[in-house]
Amino acid sequence: KKAKTLKQAMAFYDQDDDKAQYRELLIINGLPKGLKQNQLFMVFQPKLDLKSGHCKQVEALIRWQHDSLGLISPNEFIPLAEQTGMINILSTWVLDNVLAQQVKWRNTGVYVNVAINLSSTDLDNPNLAADVASKLAQYLVPAESITIEITESVLMKSLAQTIVTLNQLRDIGVKLAIDDFGTGHSSLAYLRHLPVDEVKIDKAFLDEFETSPAAKQIVKTSIDLAKNLGFEVTVEGVESKTVLEALHHFGVDTIQGDYFAKPFTASEFEHIYPQLNYPLISSAQINQP
Ligand code: C2E
Ligand code: MG
Ligand code: MG
Ligand code: MG
């Protein structure tokens, strides 16, 4: 629809604006009910370990099948849950769900590390590490079978306090990862102060990987930097064999992306897990253009 007058344009704008606000309200108000009625569920995206060619870890990603809005992306409802203070309830639900799933998998011989995304508000909780530790004890799941991912921009918000919390989490034995690395527009110098095991390079950096030598060089430089600082390096959003092989050659430890595997439900994952291998030739054999 096209507006012919300013008045019409304003009216259309208002309509669209109302619609967006109404949708937000449905999402915000619907979250407690959605949780109660099991509309939320986790999917698990396998990561490929480029040394062994096996899947040693999955990332837990939340989904919401809303009764009237259909499937809603976490990119839409997580920020709203953060703004309204509901994220803590949601993160507790995610932790419970993932730990219960870990118990089931471990009982059937599936030993994978599961990565959980936490949000900035979770990091503001001074009892976060104690809460996580008591959950691990409750489910009898070893701490090292869980990784906590924290987005780079969040880390920068209050670096000193964040480092205290990260150290507490590290002390209880969970693995830690910086997520969406490169999107925080922050200096790289702070990286060495962070007590984390892994750096996940954001998929935005792969957009021009195959078309722009400069873009490819930036990815390579980020990988080298992270590796030289002693971090394990993951690149997310890998969608092609070409990119996978180039990253293997660059010395990346782990890749995640639709080329290897899309996110699966828990039961789909159990079935596919034995076949989740990737035949790798040694990185030295890959000829780089
Ligand atoms: P993230 O943590 O960076 O997760 C990776 C996102 O990239 C996921 O999107 C995943 O499905 C997507 N992805 C992976 N490989 C590919 C690929 O090859 N191509 C493309 N186009 N996409 C790929 P998703 O599941 O929509 O999640 C979006 C974001 O929502 C996550 O980004 C994370 O920040 C947040 N999120 C998801 N689950 C949770 C959760 O349980 N708690 C919190 N606090 N945040 C979550
Ligand atoms: Mg993540
Ligand atoms: Mg990420
Ligand atoms: Mg991301």
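Only residues that are in a helix (DSSP H, G or I) and open to solvent by less than 40 Å² (accessible area, probe 1.4 Å): list them for the stretch 66-77, please. Walk me through how you get there before you give the answer.
Here is the first cut: in the stretch 66-77, the residues in a helix (DSSP H, G or I) are 74-77.
Of everything in the stretch 66-77, those that are in a helix (DSSP H, G or I) and open to solvent by less than 40 Å² (accessible area, probe 1.4 Å) turn out to be P74, F77.
Exactly one of (1) within 16 Å of ligand 2 (Cβ to nearest atom); (2) among the aromatic types (F, W, Y); (3) open to solvent by 10 Å² or more (accessible area, probe 1.4 Å) is unmet by F44. Its number?
(3)
Filter the stretch 50-60 down to residues that are open to solvent by 40 Å² or more (accessible area, probe 1.4 Å) and not hydroxyl-bearing (S, T, Y) and give me whichever is farthest from L247 (Cα to Cα). First the steps, then the outcome.
Within the stretch 50-60, the first condition is being open to solvent by 40 Å² or more (accessible area, probe 1.4 Å), and the residues that meet it are 51-52, 54, 56.
With not hydroxyl-bearing (S, T, Y) added as a condition, the list becomes 51, 54, 56.
Values: K51: 12, H54: 16, K56: 18 Å.
Looking at the filtered set, the residue picked out is K56.
The values are calculated or read from the model by the stated rules, or taken from the named source; none is laboratory data. Since we're looking at a predicted model, the values are computed, not measured. Glycine also receives a Cβ, built like all others from the backbone with ideal geometry; neighbour counts cover every protein chain displayed. All accessible areas refer to the heavy atoms of the entire protein, side chains included, with ligands and DNA or RNA removed. Shrake-Rupley method; radii C 1.70, N 1.55, O 1.52, S 1.80 Å.
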